[in-house]
Amino acid sequence: MNRDDPIAIRVRGLKNSFGPQVVHEDLDLDVRNGEILGVVGGSGTGKSVLMRSIIGLQRPDEGEVLVFGESMLDKDELEALDIRRRWGVLFQGGALFSTLTVAENIQVPLREYYPDLSESLLDEIAAYKVVMSGLPPDAGPKYPAELSGGMRKRAGLARALALDPTLLFLDEPTAGLDPIGAAAFDSLTQSLQKTLGFTVFLITHDLDTLYAICDRVAVLADRKVIGVGTIPELLAMDHPWIQEYFNGPRGRAATAAVDRNSETRA
Amino acid sequence: MALQLARKQRMQQCLRIMPEPDSLKADFVEEMDGDVPVLRFTGRLTLPRLDDLPRRLEALERPPKRIDLTQIQRIDTVGAWIVHKLATENEAKIVGLDANGQTLLRQVERSDKPVLMRPEPFSPFLRVLDEVGDATVIAAQTMLGLLSFFGAILVGTWSVIRNPRRFRMNAVIQRFELVGVKALFIVGLMSFLIGIVIAQQGAVQLRQFGAESLTVNLIGRITTRELGVLMTAIMVAGRSGSAFAAQLGTMKLTEEVDAMRTIGVSPIEALVLPRLLATTCMMPLLGFFSMIVAMIGGGIFCWLSLDIPPLTYIQRLREVIPMTDLWVGLTKAPVFGAIIAISGCFQGMQVKGNAEEVGLRTTSAVVQAIFLVIVLDAFFAVFFTSIGWD
Ligand SMILES: Nc1ncnc2c1ncn2[C@@H]1O[C@H](COP(=O)(O)OP(=O)(O)OP(=O)(O)O)[C@@H](O)[C@H]1O
Ligand SMILES: [Mg+2]
């Protein structure tokens, strides 16, 4: 495993299809070590499917996916385990274990990979992750069915962060959060990313999140990644979808907000 | 226990393929700086390298007054938490963290709030009372729920009768296929084998009285009166009753049922009635099919090992089976079908909360259906005998 490779995830010539419907064709993407890469695209362009192929849940028809320089598909269970404990995944629907409480959900990865941790330390870790991800302090013993939609998202985030992963996959983490919560989420991701140096693969429709924390943005359309780069770089491209996305009414509002913020700061 | 052991072994194997130099392991040394006890951490203060560090820290003899982190190579939130906890417990000062480390530590400090991990514990006595009370309430609620479910079905049926356009033909036909046509093979196979078993066991017993030829009576009457419909009911409960509970249960979980209600579609009309109608109509047909196939199975056995030729077998069957036997069997069938559908759908609609519940409710649906079918069968037996259909 080459830890000095500047590329954490390398996708080459990826093709995915469901029956006659081709979702990805000849898709290339690099995610650099230590960056927050935002992934945007219209609904149904295959962002979630791309994430599933990278984490090895979806076998691609063609092409290869390397995570930390290794393919997840031809691995035996043990080697795959070693990579899996270095990442955390937040699914679009939360995917909490419905028979476990929030606290137990957070502890599942810890127990799985570090069976020697003492019960009290496990509780402490779960406790500060609960607070860190913005859940109320009485959320620990609640079952997922008793949580609100946004709280489920946060609990999923807490579970994804349980192992202090070096690679974090987030599928629309701020969808369904109130704006204050979404901003808190942005700053949490950013500060953890700075201090722990992890790499984030962040699928989002939230323009504010894109402007606030993403180092680069990848745009999915026409079954491929049609552009990767910082937002100004993307704006320089003249693909109609990209122009529409960033220069549409919502895009302009977000840009204006960013400008306002930087003015008041300056 | 075994699971934990297996997990440990797996982790050890995992560690074996990942060589770990000792210098990376999280460790500490205790020193004295003048009269200030200092704890100096070394290595990587991260979750994968912790090992037994937390336990060793708990066993510290001299509480440190200064925690020195200059020598650590890396720190993550778990490491920061351990340092933070050690520092607050001993009122120690933390020195030697770089800017990033300090941000991390502050982040963790901010998250140090009392958090409820488990529900507040109960005293054992109260817990017993609590559980007994809960069980009683649940039993009462189930009875009430079943009654009101039955009522809702009647209301739904009535509103469909008054308003026939609301009748969901497609859904019903689809259920007919799933409950009836798709079950033909397995019901047939089961009945065929049962027929052979009855014939074989009957022949062995009757031979002792030299009454082997009465085997035909045995097969004919027991399959038409009892076993044909009863075995079919058990098969349908296992196949369709469980499927109903699981389908409706999952739909409850994903809020599909709620969505239906808000759109103005009644779940009873859309989900329950088609299933109820399907099992009620299909059970007599499947039961009849089962009787015939069981008789064919028994007939083949009689032909091969008792030398009763098929034509004679059929002739004898016609003589010994009274028409009332067939009515007995076929009267019970739709009632059993209705019971299977009602308990399957009722249990499915009771699901709330989590995936485990779907499994529990599916099990209860099948157990409840088979139990009720057998109880009712006993009542029917007494009833038909007393009206002289024996
Ligand atoms: N399991 C599946 N079977 C068949 N088709 C699927 C499956 N999963 C996804 N698809 C199809 O693949 C396409 C991409 O889906 P995907 O979930 O990746 O969209 P997305 O980009 O994540 O959209 P959104 O922003 O709405 O989450 C969609 O057209 C969807 O219909
Ligand atoms: Mg998606």
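Some notes on this structure:
- Residues satisfying the stated conditions in region A:2-42, i.e. surrounded by 13 or more Cβ atoms within 10 Å (Cβ to Cβ) and assigned to a loop (DSSP other than H, G, I, E, B): A:D5, A:N33, A:G34, A:E35, A:G42
- Annotation: of all residues in region B:54-108 being polar (S, T, N, Q), within 14 Å of another protein chain (Cβ to nearest Cβ) and in a helix (DSSP H, G or I), the one that is nearest to the chain's Cα centre (by Cα) is B:T77.
- Subset of region B:190-205 [touching a residue at least 40 places away in the same chain (Cβ under 8 Å) and open to solvent by 10 Å² or more (accessible area, probe 1.4 Å)]: B:M190, B:F192, B:L193, B:I194, B:I196, B:I198, B:Q200
- Where helices (runs of 4 or more DSSP H) fall entirely within region B:246-327, those with at least 3 residues that are surrounded by 16 or more Cβ atoms within 10 Å (Cβ to Cβ) are at B:273-306, B:310-320.
Per-residue answers, yes or no, for (1) touching a Pro at 6+ places or on another chain (Cβ under 8 Å); (2) at pLDDT 85 or above; (3) within 14 Å of chain B (Cβ to nearest Cβ); (4) within 13 Å of ligand 1 (Cβ to nearest atom):
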| residue | (1), (2), (3), (4) |
| --- | --- |
| A:G56 | no, no, no, no |
| A:E62 | no, yes, no, no |
| A:E77 | no, no, yes, no |
| A:R86 | yes, no, yes, no |
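- For region A:73-85, the set of residues classified as closer than 11 Å to A:P109 by Cβ and open to solvent by 30 Å² or more (accessible area, probe 1.4 Å) consists of A:R84 only.
- Lone qualifier among B:V358, B:V366, B:V373 - being within 14 Å of chain A (Cβ to nearest Cβ), among the β-branched types (V, I, T), closer than 30 Å to B:P267 by Cα and open to solvent by less than 50 Å² (accessible area, probe 1.4 Å): B:V358
- In the set A:G197, A:G176, only one residue is out of contact with any Cys (no Cβ under 9 Å at 6 or more places or on another chain), open to solvent by 10 Å² or more (accessible area, probe 1.4 Å) and within 14 Å of chain B (Cβ to nearest Cβ); that residue is A:G197.
- Long-range neighbours under 9 Å by Cβ, at least six apart or interchain, first residue at positive phi within region A:43-60, second in a helix (DSSP H, G or I) and within 13 Å of ligand 2 (Cβ to nearest atom): none
- Hey, B:M117 at pLDDT below 90, open to solvent by less than 30 Å² (accessible area, probe 1.4 Å) and not basic (K, R) or not: yes
- Taking region B:206-220 as the range and being part of a helix (DSSP H, G or I) and either hydroxyl-bearing (S, T, Y) or surrounded by fewer than 19 Cβ atoms within 10 Å (Cβ to Cβ) (or both) as the test, the residues that pass are B:L206, B:R207, B:S213, B:L214, B:T215, B:N217.
- Tabulated pairs, region B:262-283, first of a type in the set (D, E, K, R), second at pLDDT below 95 and part of a loop (DSSP other than H, G, I, E, B), C-beta under 8 angstrom, 6+ apart or interchain: B:E269/B:R168
- Checklist (1) more than 23 Å from A:Y245 (Cβ to Cβ); (2) within 15 Å of ligand 1 (Cβ to nearest atom); (3) in contact with a helix residue (DSSP H, G or I) (Cβ under 7 Å, 6 or more places away or on another chain) applied to A:F68, failing item: (2)
- Scan of region A:122-169 for residues that are within 13 Å of another protein chain (Cβ to nearest Cβ) and of a type in the set (S, T, N, Q), ordered by number: A:S133, A:T166
Listed here are the residues, each with its yes/no results for (1) more than 16 Å from ligand 2 (Cβ to nearest atom); (2) over 30 Å from A:Q243 (Cβ atoms); (3) within 14 Å of chain B (Cβ to nearest Cβ).
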{"position": "A:V40", "(1), (2), (3)": "no, no, no"}
{"position": "A:G44", "(1), (2), (3)": "no, no, no"}
{"position": "A:L50", "(1), (2), (3)": "no, no, no"}
{"position": "A:L81", "(1), (2), (3)": "yes, yes, yes"}
{"position": "A:F91", "(1), (2), (3)": "no, yes, no"}
{"position": "A:Y113", "(1), (2), (3)": "yes, yes, yes"}
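The values are calculated or read from the model by the stated rules, or taken from the named source; none is laboratory data. Since the structure is predicted, the reported quantities are computational estimates derived from the model, not experimental observations. Cβ sites come from the backbone with ideal geometry, for glycine too, and all protein chains shown count toward neighbours. Heavy atoms of the whole protein, side chains included, go into the accessibility calculation; ligands, DNA and RNA do not. Shrake-Rupley method; radii C 1.70, N 1.55, O 1.52, S 1.80 Å.
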